[in-house]
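S.K.: My questions will all concern the structure given below.
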Amino acid sequence: DAGITQSPRYKITETGRQVTLMCHQTWSHSYMFWYRQDLGHGLRLIYYSAAADITDKGEVPDGYVVSRSKTENFPLTLESATRSQTSVYFCASSGPAANTGELFFGEGSRLTVL
Amino acid sequence: QKEVEQNSGPLSVPEGAIASLNCTYSDRGSQSFFWYRQYSGKSPELIMFIYSNGDKEDGRFTAQLNKASQYVSLLIRDSQPSDSATYLCAVQNTGGFKTIFGAGTRLFVKA
C-alpha cells in the first residue's frame with residue numbers, strides 16, 4: 001500500500017535552474033493537488049487537477065508548470081527557480097472512494113533555492 | 001482578503017482544558033469544511049469534516065459550522081500534550097474538490 005509518494009524528499013538547487021518535483025499515487029484518485037507551505041502562510045494551493053489532462057491554477061501558480069498525462073502522476077516543474085520558491089511542497093490526492101473530500105498527503109519535498 | 005482565515009496563535013492551554021480553534025471563510029457557496037492536524041515536520045492528516053450547520057462530535061473533538069456567519073470551529077476537550085500541533089482549517093468550493101487552507105493555528109498543551 002504505497003499510497004502517495006513524492007520525490008525527491010530534499011533538493012538544493014541554484015537560482016535559474018529547472019527543477020521537477022514528482023508525485024505518484026497508487027489509489028487511482030481522480031483529483032491531485034500541489035501545495036507549498038511557508039511559515040505564516042499555511043498551505044497555499046499552486047495547481048490542481050480533476051483528471052488526466054485537466055489542470056487548473058490555484059492561489060499561487062506563477063513560476064510553476066504542471067502536467068497530468070497519467071492519472072497516477074502529477075509532476076510540478078519550476079522552470080527557472082527563484083529564492084522565493086524555497087519552500088516545502090506537498091502533493092495530495094482525493095477521490096470518490098474517499099467519499100468525504102479528504103485529501104491524502106505525501107510526505108513533502110523540501111526545496112532550497114540558493 | 002484570504003479565502004480562509006485563522007488566528008495563527010500560538011494558543012496555549014493546560015492539560016485537561018478545552019482548546020477552541022476558529023476559522024472564517026469568504027466563499028459563501030462553500031460546501032465542505034475540514035480540520036487537519038499537522039505535527040512539526042510531518043504531513044497534514046484529517047481529524048474532522050463537517051458539511052451541515054451545527055455540531056459534529058468525534059471522541060474528544062467537536063466541529064461546529066455556521067454557514068450564515070461563515071464560521072467553522074474545532075473544540076478539543078480534555079486536551080493532551082499529544083494534541084500539540086498546528087491545526088489547519090480547509091474549505092472546499094462549490095465545485096467540490098478545490099481545497100483552500102487557512103494559515104493554521106499552533107496549539108500548545110502544557111502538561
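The values are calculated or read from the model by the stated rules, or taken from the named source; none is laboratory data. Note that the structure is a prediction, hence the values are computed from the model and not measured. All Cβ positions, even for glycine, are placed from backbone atoms using ideal geometry, and neighbour counts span all protein chains on display.
S.K.: Residues of region B:65-111 being in contact with a Leu (Cβ under 9 Å, 6 or more places away or on another chain) and of a type in the set (Lys, Arg), which ones?
M.R.: Answer for region B:65-111, where residues must be in contact with a Leu (Cβ under 9 Å, 6 or more places away or on another chain) and of a type in the set (Lys, Arg): B:Lys98, B:Arg106.
S.K.: List the number of the failed condition for A:Ser30; all other conditions in (1) within 11 Å of chain B (Cβ to nearest Cβ); (2) under 20 Å from B:Gly102 (Cβ atoms) hold.
M.R.: (2)
S.K.: Restricting to region A:41-100, count the residues that are surrounded by fewer than 16 Cβ atoms within 10 Å (Cβ to Cβ), over 13 Å from the mean Cα position of the chain (by Cα) and closer than 19 Å to A:Ser7 by Cα.
M.R.: Qualifying residue count for the region: 4.
S.K.: Please state which one of A:Trp27, A:Trp34 is under 25 Å from B:Cys89 (Cβ atoms), in contact (Cβ under 8 Å) with a residue 24 or more places away in the chain and more than 14 Å from the chain's Cα centre (by Cα).
M.R.: Values: A:Trp34 fails: more than 14 Å from the chain's Cα centre (by Cα).
Sole residue among the options that is under 25 Å from B:Cys89 (Cβ atoms), in contact (Cβ under 8 Å) with a residue 24 or more places away in the chain and more than 14 Å from the chain's Cα centre (by Cα): A:Trp27.
S.K.: If you don't mind, another one. Take the residues of region B:35-45 that are crowded, with 18+ Cβ neighbours inside 10 Å and either modelled with pLDDT under 95 or assigned to a loop (DSSP other than H, G, I, E, B) (or both): which is farthest from the chain's Cα centre (by Cα)?
M.R.: Step one: list which residues in region B:35-45 are crowded, with 18+ Cβ neighbours inside 10 Å, which gives B:35-38, B:43-44.
Of the ones still in play, those that are also either modelled with pLDDT under 95 or assigned to a loop (DSSP other than H, G, I, E, B) (or both) are B:43-44.
Working: B:Ser43: 15, B:Pro44: 12 Å.
Among residues in region B:35-45 that are crowded, with 18+ Cβ neighbours inside 10 Å and either modelled with pLDDT under 95 or assigned to a loop (DSSP other than H, G, I, E, B) (or both), the one farthest from the chain's Cα centre (by Cα) is B:Ser43.
S.K.: Hey, can you tell me all the residues within region B:17-32 that are farther than 20 Å from A:Gly101 by Cβ and either in a strand (DSSP E or B) or in contact with an Asp or Glu (Cβ under 6 Å, 6 or more places away or on another chain) (or both)? It would help to see each step written out before you state the result.
M.R.: Initial filter on region B:17-32 (farther than 20 Å from A:Gly101 by Cβ): B:17-20, B:22.
Answer for region B:17-32, where residues must be farther than 20 Å from A:Gly101 by Cβ and either in a strand (DSSP E or B) or in contact with an Asp or Glu (Cβ under 6 Å, 6 or more places away or on another chain) (or both): B:Ala19, B:Ser20, B:Asn22.
S.K.: Further, regarding this structure: Look at region A:1-27 and say how many of its residues are at pLDDT below 95 and surrounded by fewer than 16 Cβ atoms within 10 Å (Cβ to Cβ).
M.R.: So the answer is 4.
S.K.: I need the full set of residues from region A:51-76 which are more than 14 Å from chain B (Cβ to nearest Cβ) and hydroxyl-bearing (Ser, Thr, Tyr), in order please.
M.R.: A:Tyr64, A:Ser67, A:Ser69, A:Thr71
S.K.: Only one of these is in contact with a strand residue (DSSP E or B) (Cβ under 7 Å, 6 or more places away or on another chain), away from chain A (no Cβ under 14 Å) and closer than 20 Å to B:Gly9 by Cα: B:Phe61, B:Phe101. Name it. Working first, answer last.
M.R.: Values: B:Phe101 fails: away from chain A (no Cβ under 14 Å).
From the options B:Phe61, B:Phe101, the qualifying one is B:Phe61.
S.K.: Here is a follow-up. Give me the pairs, please: first residue somewhere in region A:39-50 and under 12 Å from B:Gly102 (Cα atoms) and more than 7 Å from chain B (Cβ to nearest Cβ), second residue anywhere and surrounded by fewer than 22 Cβ atoms within 10 Å (Cβ to Cβ) and not acidic (Asp, Glu), beta-carbon distance under 6 Å, and either six or more positions apart or on two chains.
M.R.: A:Arg44/A:Val60
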